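Asker: Here it is: the structure, laid out below.
The values are calculated or read from the model by the stated rules, or taken from the named source; none is laboratory data. Quick caveat: nothing in here was measured; it's all calculated off a predicted structure. Because the Cβ atoms are built from the backbone with ideal geometry, glycine has one as well, and the counts that use them run over all protein chains shown.
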Amino acid sequence: MATFINPFVDRGFKIIFGRDESKALLIDLLNDLFENEHVITDLSYLNVEMPADCTDSRTAIFDLKCKDKDGNFFIVEVQNAAQSYFY
């Protein structure tokens with residue numbers, strides 16, 4: 001019996017990409033998605049929760065802290081649906 005893991009939900013994403021063994025694969029995937037806008041050289045896994053500022057917004061849980069080839073740091077939040085406050 002085969003097991004399906006949905007990479008578009010937090011738990012599935014972390015099962016597939018949230019291990020040191022898959023770090024290089026995740027960096028390659030993100031670099032392909034960014035199409036040279038950013039070139040990631042390293043990343044660390046986060047579980048940082050940022051509470052909502054007001055009652056009509058939602059809490060954000062940031063998934064990845066990335067470092068690019070120029071030494072800049074930025075976060076990547078994985079979403080599977082459109083969010084009003086993320087661009």
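Asker: Kindly provide the set of residues from segment 71-86 that are more than 11 Å from Ile40 (Cβ to Cβ) and at pLDDT 90 or above, ordered by number.
Answerer: Passing the criteria: only Gly71.
Asker: If you take the residues in segment 41-57 that are surrounded by 14 or more Cβ atoms within 10 Å (Cβ to Cβ) and either under 16 Å from Leu29 (Cα atoms) or out of contact with any strand residue (DSSP E or B) (no Cβ under 6 Å at 6 or more places or on another chain) (or both), which one is modelled with the lowest pLDDT?
Answerer: So the residue we want is Tyr45.
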